[in-house]
Each structure stands twice: as structure tokens, then as C-alpha cells.
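Undergrad: A single structure is presented below for examination.
The values are calculated or read from the model by the stated rules, or taken from the named source; none is laboratory data. Since the structure is predicted, the reported quantities are computational estimates derived from the model, not experimental observations. Here the Cβ is made from the backbone with ideal geometry for all residues, glycine too, and neighbour counts use every protein chain on show.
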Amino acid sequence: MDCDVWKRRQNLSVHCAQGNIDCSRQRNVFAVIGRALFTPKGIPQKKPASAILPALLGPETNSLQQMTNLLQYIQRLLLRDLEAMALEINSFPSDEMIWTAPVGISNPAGTLALHVCGNLRHYVGHVLGGTDYVRDRVSEFSDRSSTREKIIGEISSTSVTLRSVLPSMDESKLSSTYPEPIAGVELNTLQFLLHLCTHLAHHVGQAGYLRRVLTRDDRSIGPVSVKALAEDG
């Protein structure tokens, strides 16, 4: 077993023994995910998405319905976090401040926002949806003049793209190889869409901390709304 995996399991056991967490629930979660993704010896299993989904979402629905549900959940996550990014950008007191970063930080909030928009409009809109969007990744990282209003407009356009592409996407694509290799690695479409969700959330969090540091205002905009996941995306 991998040393890091062993350490994590040992830490979990300690917390259970100390009563810090609900052991039965944690064990159930780890057991379900573990059986879906790993062999009994801890080796990653090479399974298509259609084989993993029943273990993660439950056996009560058929494979097609599970994939349809998962696409809806992915869309809700992405739309929620795009809205959170727009709220973060709008919460900066000036256009100049979205292009300001403390020493040691390479990318200001404006860059993070433009980057996630370009990322989603290319990988979801163009590659999966066949839109005519042409990504300018260099501009995402070099722009230092766009206003908050313009960036929020870019975020809105990205949301429109997601609302158009994901609901009309053929569910069978989830278990097929994503059409474009990523950093020389082949992933199935489901794996890459989940990566895009965490990539967006990561940068939203960064933008939030930049805003707090620069404004010296530690108030949260409440970006991670569970309610948004229960509503239609």
C-alpha cells in the first residue's frame, strides 16, 4: 500500500478513536469510493465511467439516467462557482484592484476570472459543444486593463455556453475518451469535467482570499451555496 494512503488511514483511525468524526459514515463513504476506484490491494482500477457510476450514485437508476443526473450536477456546480467568481470580482472596490496582487502572488483576481472563462469556453464550449470560440490563453494572463464590468460579462457569456452545451450533450460521451489530450494524458470525459469543476472552485477561492487581503475586509460573499445545487441549473 502507498505510504501516504496508509498514513491517511491511520489518521482517520485516530480521529475515530477520539470521537472527532462519525466513524460509521466515514467508513461507508471510503468503502464505496474505494471499491469503485481501487482493487483490494489499493491499485487504481481502469474502469469506464459507466462501471463506476452505479457505485457512486446508487443502483436504483439505470446507467443512462445516472449519467444524465451527473451532467446536471456538474452543470449546477460550474454555474454556481461561476456566479461566485462574478460576485468576488464585483466585490472589489475598484477596477485597478482586480489587477493587484501581493508580493509572491503571480495572478491577480482579474487574471483568475479570465482564465476560468477561457478554460470552460474552450474545453466545454468548443471541444465538447463545437462552438466557434477561439481561446487566447496568452491574453488571459497578460490582460491588465479589463474592467470589472467587462470581466463579469465574460463570466456571463461562459455561463450561457454551459447552459447551451451541457444539457444537449450526449450522455454516452461521459465514458468515452475526452477528445483533446490534456498535458499528454488521456482522460475520459467524466474525469475531465470533474477536474474542471475543482479547477474553477480552486480559483474562486484564490480570488476570494486576494479580495480579503487587499481590502482588509474578511467578510465572505458566501460562494459555496448548497441551495444552488438543489435548484435547477
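Undergrad: Which of the residues that make up the range 87-129 are of a type outside the set (Gly, Ala, Ser), surrounded by fewer than 20 Cβ atoms within 10 Å (Cβ to Cβ) and closer than 21 Å to Phe192 by Cα?
TA: If the condition is that a residue be of a type outside the set (Gly, Ala, Ser), surrounded by fewer than 20 Cβ atoms within 10 Å (Cβ to Cβ) and closer than 21 Å to Phe192 by Cα, then His115, Asn119, His122, His126, Val127 are the ones that fit.
Undergrad: If I filter the range 199-216 for residues that are surrounded by fewer than 16 Cβ atoms within 10 Å (Cβ to Cβ), more than 30 Å from Thr100 (Cα to Cα) and either in the same structural domain as Gly125 (by TED's automatic domain parsing) or at pLDDT 95 or above (or both), do I get at least one hit?
TA: no
So that you can scan it fast, the table gives a plain yes or no per residue for (1) surrounded by 19 or more Cβ atoms within 10 Å (Cβ to Cβ); (2) of a type outside the set (Val, Ile, Thr):
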site: Thr131; (1), (2): no, no
site: Thr158; (1), (2): yes, no
site: Arg163; (1), (2): no, yes
site: Val185; (1), (2): no, no
site: Leu193; (1), (2): yes, yes
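Yes or no, residue by residue, for (1) of a type in the set (Asp, Glu); (2) modelled with pLDDT of 95 or more; (3) assigned to a helix (DSSP H, G or I); (4) at positive phi:
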| site | (1), (2), (3), (4) |
| --- | --- |
| Asn28 | no, no, yes, no |
| Ala36 | no, no, yes, no |
| Lys47 | no, no, no, no |
| Gln66 | no, no, yes, no |
| His122 | no, yes, yes, no |
| Arg135 | no, yes, no, no |
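Undergrad: Residues to consider are Asn119, Asn69; find the one that is in contact (Cβ under 8 Å) with a residue 12 or more places away in the chain, within 12 Å of Leu162 (Cβ to Cβ) and out of contact with any helix residue (DSSP H, G or I) (no Cβ under 6 Å at 6 or more places or on another chain).
TA: Checking each option against the conditions leaves just Asn119.
Undergrad: Next up: Would you point out which residue out of Ser106, Ser157 is farther than 18 Å from Leu200 by Cβ and not charged (D, E, K, R)?
TA: That would be Ser106, the only listed residue that is farther than 18 Å from Leu200 by Cβ and not charged (D, E, K, R).
Undergrad: Give me the helices (runs of 4 or more DSSP H) completely within the range 137-233, filtered to those with at least 2 residues that are in contact (Cβ under 8 Å) with a residue 60 or more places away in the chain and out of contact with any Gly (no Cβ under 7 Å at 6 or more places or on another chain), ordered by residue number.
TA: Working: elements: 137-142, 148-165, 189-215, 227-230.
It comes to 148-165, 189-215, 227-230.
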